[in-house]
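Quick notes on the structure that follows.
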Amino acid sequence: MTSEEALERAAAAGIHRLRVPTPFAVGRVNCYLIEDDPLTLVDTGPNSGKALDELQQQLAGFGHSIDDLELIILTHQHVDHVGLAEIIVEHSGAEVAAIDVAVERLANFSEDADLDDEFAAELMLRNGIDANVVGALRSVSRSFRGWGSKARVTRPLRDGEPLELRDHRFEVQHRPGHSPSDTVFWDADSKILLAADHLIKHISSNPLVSRPLDGSSERTQALVAYLESMARTRELPAEIVLPGHGDPITDHVALIDDRFAKHERRKQKILELIRERPRTGHEIAQALWGDIAVTQAFLTLSEVIGHVDLLVNDGSVRELADGEAVRFEAVDG
Ligand SMILES: [Zn+2]
């Protein structure tokens, strides 16, 4: 099945892809219009006039307007997916549905964004990233803040429960990893999975180290959670997976197996680097990616920490806290 055929099949099931522009490197974000009762939009795009205009135009192509929307489903907390929610609700009065664990987080967008920045800054300093770089990245992050907005969830969803529209019945499945609030929506009748950023064909979804949704200070192991989440998705007999960016996926098992193999290789590579000598997270990122590890410091550090977590969990690496930054050393050698 080609991408076009997959999109046609989804459209025949009443699910239409809308591609909304974002200012981010990832490019456009996929929102999905579900023609049903209630008229439903899955994800909104970022908070910008351009995104709103294009969303409006694309809805018009299906004979709808933003004012007609009755339900907005939010797949996870990232600004490119939720930024327009508040504005759409002002226009339409639509209900907003999201996984229950994300409700507080979505309501307190600005306060939480500040806490996230602090959390990220501490993590970067602890893992050997220079204070100047951390400062610069903080202002970048602050400048992105305007693309988001808070969202008030009126229909909290529970993991494993159904979300029923007149003609569609989705099973709500919490799939933390890429973010702690990632949620996928499984339509067993059409065998279509709305997966958002949990699974993307052309890029591997970064399991970003994130502040826990319950506000506790202990970070979660994002990659460990992500691998578990992918294993659950692998079991679904999905024929079409509709992602949050790029084209539909029609062979999710092969794609997931590929990702598992990639993470295993990266884990081994990082173990070799640590066996050479104890290194900080940032030193490992630099050894793997050079300059990208500076401009994309948080992203690459998340990637390293995710794999180091796997190595710590299986007993081959341990943390060595000497002075300011944490180093990782090999156990037995
Ligand atoms: Zn995302």
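Taking the conditions exactly as written (open to solvent by 40 Å² or more (accessible area, probe 1.4 Å), over 21 Å from Ala325 (Cβ atoms) and assigned to a loop (DSSP other than H, G, I, E, B)), does His202 satisfy them or not? Criteria met by His202. Scanning region 210-235 for residues that are part of a loop (DSSP other than H, G, I, E, B), within 24 Å of Leu106 (Cβ to Cβ) and either more than 14 Å from the ligand (Cβ to nearest atom) or open to solvent by 30 Å² or more (accessible area, probe 1.4 Å) (or both) returns Arg211, Pro212, Leu213, Asp214, Gly215, Ser216, Ser217, Glu218, Arg219, Thr220, Gln221. Might you check whether a residue that is more than 16 Å from the chain's Cα centre (by Cα), within 24 Å of Ile240 (Cβ to Cβ), at pLDDT 95 or above and within 15 Å of the ligand (Cβ to nearest atom) occurs anywhere in region 3-24? Yes, that holds for at least one residue.
With respect to the stated conditions, Leu242 is touching a residue at least 24 places away in the same chain (Cβ under 8 Å) and in contact with a Phe, Trp or Tyr (Cβ under 9 Å, 6 or more places away or on another chain). Whenever a residue of region 47-59 is over 26 Å from Ser110 (Cα atoms), its partners that are among the charged types (D, E, K, R) and open to solvent by 40 Å² or more (accessible area, probe 1.4 Å), lying with C-beta atoms within less than 8 angstrom and at least six residues away or across chains, give the pairs Gln58/Arg19; Leu59/Asp68. Given the conditions (1) open to solvent by 30 Å² or more (accessible area, probe 1.4 Å); (2) touching a strand residue (DSSP E or B) at 6+ places or on another chain (Cβ under 6 Å); (3) not in a strand (DSSP E or B), report the number of the one that Asp257 does not fulfil. Checking Asp257 against (1) open to solvent by 30 Å² or more (accessible area, probe 1.4 Å); (2) touching a strand residue (DSSP E or B) at 6+ places or on another chain (Cβ under 6 Å); (3) not in a strand (DSSP E or B), the one that fails is (2).
Restricting the search to region 187-208, which residues are within 14 Å of the ligand (Cβ to nearest atom) and at pLDDT below 95? Of everything in region 187-208, those that are within 14 Å of the ligand (Cβ to nearest atom) and at pLDDT below 95 turn out to be Ile203, Ser204, Ser205, Asn206, Pro207, Leu208.
Every residue in region 1-48 that is in contact with a helix residue (DSSP H, G or I) (Cβ under 8 Å, 6 or more places away or on another chain), farther than 26 Å from Phe144 by Cα and not in a strand (DSSP E or B), please. Correct list: Met1, Leu39.
When Gln56 is tested against (1) open to solvent by 50 Å² or more (accessible area, probe 1.4 Å); (2) not in a helix (DSSP H, G or I), just one condition goes unmet, and that condition is (2).
Out of (1) modelled with pLDDT of 95 or more; (2) farther than 18 Å from Leu41 by Cα; (3) more than 19 Å from the chain's Cα centre (by Cα); (4) open to solvent by 30 Å² or more (accessible area, probe 1.4 Å), what's the single condition that is false for Ala238? Ala238 satisfies every listed condition except (4).
Taking the criterion of being open to solvent by 80 Å² or more (accessible area, probe 1.4 Å), assigned to a helix (DSSP H, G or I) and among the charged types (D, E, K, R), the residues of region 118-150 that qualify are Glu118, Glu122, Arg126, Arg142. Considering only residues that are open to solvent by less than 20 Å² (accessible area, probe 1.4 Å) and either aromatic (Phe, Trp, Tyr) or part of a strand (DSSP E or B) (or both), look in region 166-185 and name the one that is nearest to Phe109 (Cα to Cα). Checking each candidate, the answer is Thr183.
Screening Ala120 with (1) within 20 Å of Leu301 (Cβ to Cβ); (2) more than 16 Å from the ligand (Cβ to nearest atom) gives one miss only, at (2).
Which one is nearest to Ala25 (Cα to Cα), of the residues in region 64-115 that are within 16 Å of the ligand (Cβ to nearest atom) and of a type in the set (Val, Ile, Thr)?
The initial filter retains those residues of region 64-115 that are within 16 Å of the ligand (Cβ to nearest atom), namely 73-85, 98-99, 101-102, 105-106, 109, 112-113.
Within this subset, residues satisfying the condition of being of a type in the set (Val, Ile, Thr) are 73, 75, 79, 82, 99, 101.
On the way: Ile73: 24, Thr75: 20, Val79: 13, Val82: 17, Ile99: 27, Val101: 28 Å.
Taking the candidates together, the pick is Val79.
In this structure, is Glu86 part of a helix (DSSP H, G or I), open to solvent by 70 Å² or more (accessible area, probe 1.4 Å) and not aliphatic (A, V, I, L, M)? Judged against the criteria, Glu86 is not a match. Cβ separations smaller than 9 Å between residues 6+ apart or across chains give the following pairs from region 76-95 residues that are on the phi > 0 side of the Ramachandran plot and without any contact (Cβ under 8 Å) to a residue 24 or more places away in the chain to residues that are acidic (Asp, Glu) and more than 15 Å from the ligand (Cβ to nearest atom): Gly93/Asp67; Gly93/Glu70.
The values are calculated or read from the model by the stated rules, or taken from the named source; none is laboratory data. These numbers were taken from a predicted model, which means no experiment stands behind them. Note: ideal-geometry Cβ built from the backbone for every residue, glycine included; neighbour counts use all protein chains shown. Side chains included, ligands, DNA and RNA excluded: accessible areas come from the protein's heavy atoms. Shrake-Rupley method; radii C 1.70, N 1.55, O 1.52, S 1.80 Å.
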